[in-house]
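Colleague: What follows is a single structure, and I will ask about it in a moment.
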Amino acid sequence: MNSIQPALRRVARVAFPALALALSLAHAVAQTLPAAFKPTVLHKFGGENKGGAKPAVPPVLAADGRLYGHTFLGASPSAGAFWGQGTVYGLDTTGANHRFELLGSIYQGSTPLVPTADGGFLVAGNGAVPPGGNFWETAAAVFSIKGGKAVALPAPSFKPLGSMALDTAGNLYMGPGESASFCNTGTANNTLWRMNVDKTYSKVVDFCQYMQAQGSNQLHPKGGAPVASVWSYTDQALYVLTGVSALGVYDSALATDYQGRSVGTLVKLSKAAIEEGVADNGTLDASKVELLHTFMRARDGEPTAKGQRIVGMIEVGEWLYGTTQFNAPTAGSTMDNRYGGTIWRVKKSDPKSFAVVHYFRGSDTVAKDGTALADGSAPSGPLVLAADGNIYGTTATDGSTMSKPATGLATPYGAGTLYRIKVGAAADHADDSYEVLHRFDMGSEGGTLTGLSAGAVAGGVQKLYGAANVGGDGQPVTTTTAPGNGTIFSIDVPLPIAAFSQALTASVTTAAVGSTIELSWATSQASSCSASGAWSGAQQTSGSKVPVVLAAEGENSYTLTCSSQNDGQPVTSKVSVQATAVTKPETGTGNTGNDGGSNGGGGGPLSALLLAPLAALAWARRRTSQPSQT
């Protein structure tokens, strides 16, 4: 077969140009199929006292060109500690030069890294056990990372969880991320907080105060425990995803939902509303909190940030996309991990546009959308809007228990998946589609994935970076456990590169020197074009009937080279036009007058050679016109 295929391709190129073009297009499409998304493992963690273990969030590319992140474990537990200290680490994008330091009194990080204007990052987590506290208790902590060094900042009065957001001015928004509590318990779980630029803390919204004013210990139906936030530079507004909220709100139409109650909300706070809330110590008027959606577990999934679970939310133009977990379909299915969560979307200006893009399949259930087994389960960590316009994310498991091998040993849940949401072109995004790009191998690549971060674009490819919380020790997995301390990996996303949708063409193939001809062309994904050969200078990425003068006799070759928007290889198109000599009237070789001028050609006197026959003709005519003499 291998020897036949090249011959067939040669025949196709010679005898069937259209077929050859189809083959080349098929090859180009094949480069973007899921098989191209195999991860490259950059680093395998060595474990406690050996460089750290269990990264809970993906690393992020810094301005100095290195990746930074934190691990849950770093050193063995010391006296009075329940877990060992975590680490902050840095490494090159090739995986080389891994360096780390223990977080010391900071203990552990728990949130994704938030880039700051000075090239560093902000992270929240757990501090040391407070004096007199129990060995499993830790204090809250917020710290900055820059150049691989961690510096503790003033700590809040609560333990931040979930994802945080930084606004234009440098204020950091966060929340407890735990299940919302009844307001009469006195907890701060139902408050959105802000760490101001001066590192002081302010309440933005206390969701309890509305219900308390009515003598109720329930929660405000517009919010609960903040689990994810996104600052929109376009809207100058904060979008907040909250956990369990509005306890006691019952929807009989959704009686199959968990206790028929809502499990979260999506709200919008304008910049003006935020400032008003801070000025009023969190007692923002309820009308200033814009409700975009109330989540019901069976229908929509549950937003959560419990433990190490981190849901994602990302802005895509006029839309928000996000993830949830635990879309339990039956009453009483309280925290059933078999049901794998959802991906949702909503247009920011139209709450009625909310829709579930994909229901993940659980371990032994049938997803609502009928998707195949092992399409992913428990979406985990931050999402990425890549340069190709699509959304990428990861799941913690495959969503199915693998079959038992011949040894009889049960294998663990799948290690997790890399997936893509291909953002649709329809106005309502109803043509969005979900696609599994890669299923991770626990032994060689790691498992229990923790989300993605965006990398640089080069050579028509964008790098994405991620972390696996466990696995990656290089050994085949033969037990129900997942050996290994986790990995750091990269993914290559092929990007559209420049191409000529219409080749460079000329209005004629032949013309006289000095004639004006017209050139036309069109490109896609091109950032700029330049001319060379018989023409020069910068050109538009598309041109129609652009006039050009044929300057020289013979072949005039026109070349257009266009650069790619995504740093891919430039593309070139050429066309040639043959220029012929100008045909001039014949000129005589008449006598030269006394003044040295020529008597022939142009508008001068007629030459003697021409006058002689004319004179003879005139004489003959006169002869024939005279009467005959007899």
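The values are calculated or read from the model by the stated rules, or taken from the named source; none is laboratory data. Computed from a prediction, not measured in an experiment: that's the story for all the values here. Positions of Cβ are backbone-derived with ideal geometry, glycine not excepted, and every protein chain shown enters the neighbour counts. Each accessible area value is taken on the protein alone, full model and side chains, heavy atoms only, with ligands, DNA and RNA left out. Shrake-Rupley method; radii C 1.70, N 1.55, O 1.52, S 1.80 Å.
Colleague: Can you give the local net charge around Lys149? Use residues other than it whose beta-carbon is closer than 14 angstrom to its beta-carbon, Lys and Arg +1, Asp and Glu -1.
Modeller: Working: positive: Arg66, Arg99, Lys146; negative: Asp64, Glu101, Asp118.
With Lys, Arg at +1 and Asp, Glu at -1, the net is 0.
Colleague: Once you've got the Cα coordinates, tell me which of Lys38/Lys306; Lys222/Lys348; Lys463/Lys574 are over 27 Å apart. Kindly include the intermediate steps, with their values, before the conclusion.
Modeller: Values: Lys38/Lys306 30 Å; Lys222/Lys348 16 Å; Lys463/Lys574 33 Å.
Violating the 27 Å limit, Cα to Cα: Lys38/Lys306; Lys463/Lys574.
Colleague: If amide hydrogens are placed 1.01 Å from N in the peptide plane, which non-local residues have theirs closer than 5 Å to the one on Gly568?
Modeller: Gly460, Ala498
Colleague: Let me ask something additional. If each residue of separation counts as 0.36 nm, what is the full-extension length gain between Val549 and Leu153 once their alpha-carbon separation is subtracted?
Modeller: Values: separation 396, 0.36 × 396 = 142.56 nm, distance 6.83 nm.
Stretched out fully, the Val549 to Leu153 stretch lengthens by 135.7 nm.
Colleague: Might you tell me the accessible area per residue for the stretch 442-551, computed with a 1.4 Å probe and given in Å²?
Modeller: 41 Å²
Colleague: How large is ³J(HN,Hα) for each residue in the stretch 546-563, as worked out from phi by the Karplus curve 6.51 cos²θ - 1.76 cosθ + 1.60 (θ = phi - 60°), to whole Hz, x for Gly and Pro?
Modeller: 7, x, 9, 9, 6, 9, 9, 5, x, 7, 10, 9, 10, 10, 10, 10, 10, 7
Colleague: Moving on to the next point. Of the peptides 423-433, 517-527, how do they stack up when ordered by the mean number of other Cβ atoms within 10 Å, highest first?
Modeller: Working: 423-433: 13.5, 517-527: 19.2.
Packing proxy ranking, top to bottom: 517-527, 423-433.
Colleague: Among the listed pairs Lys159/Lys203; Lys159/Lys199; Lys50/Lys159; Lys288/Lys352; Lys203/Lys288; Lys268/Lys352, give every one whose C-alpha distance is greater than 25 Å. The partial results should precede the final answer.
Modeller: Details: Lys159/Lys203 14 Å; Lys159/Lys199 16 Å; Lys50/Lys159 28 Å; Lys288/Lys352 19 Å; Lys203/Lys288 15 Å; Lys268/Lys352 15 Å.
In this structure, Lys50/Lys159 exceed 25 Å between Cα atoms.
Colleague: Determine ³J(HN,Hα), in whole Hz, for all residues of the stretch 91-98 in sequence, where each value follows from phi through the Karplus function 6.51 cos²θ - 1.76 cosθ + 1.60 and θ = phi - 60°; x replaces Gly and Pro.
Modeller: 7, 5, 5, 8, x, 7, 6, 5
Colleague: Counting pairwise Cα distances across the stretch 478-532, what percent come out greater than 12 angstrom?
Modeller: Values: 1195 of 1485 pairs.
Of all Cα-Cα pairs in the stretch 478-532, 80 percent lie more than 12 Å apart.
Colleague: A follow-up question, please. Using a 10 Å cut-off on Cβ atoms, rank the peptides 143-154, 229-240 from the highest mean neighbour count down.
Modeller: Numbers: 143-154: 16.2, 229-240: 18.2.
Answer by packing, highest mean first, reads 229-240, 143-154.
Colleague: Could you work out how much longer the chain between Ala425 and Ser530 gets when fully extended? Use 0.36 nm per residue separation minus the Cα distance between them, nm to one decimal.
Modeller: Values: separation 105, 0.36 × 105 = 37.80 nm, distance 3.12 nm.
The Ala425-Ser530 span can extend by a further 34.7 nm.
Colleague: Computed from the mean reciprocal separation of all distinct C-alpha pairs, what Kirkwood hydrodynamic radius does the stretch 455-572 have, in Å? Please list the in-between numbers first.
Modeller: Numbers: mean 1/r = 0.0558 Å⁻¹.
Its Kirkwood hydrodynamic radius stands at 17.9 Å.
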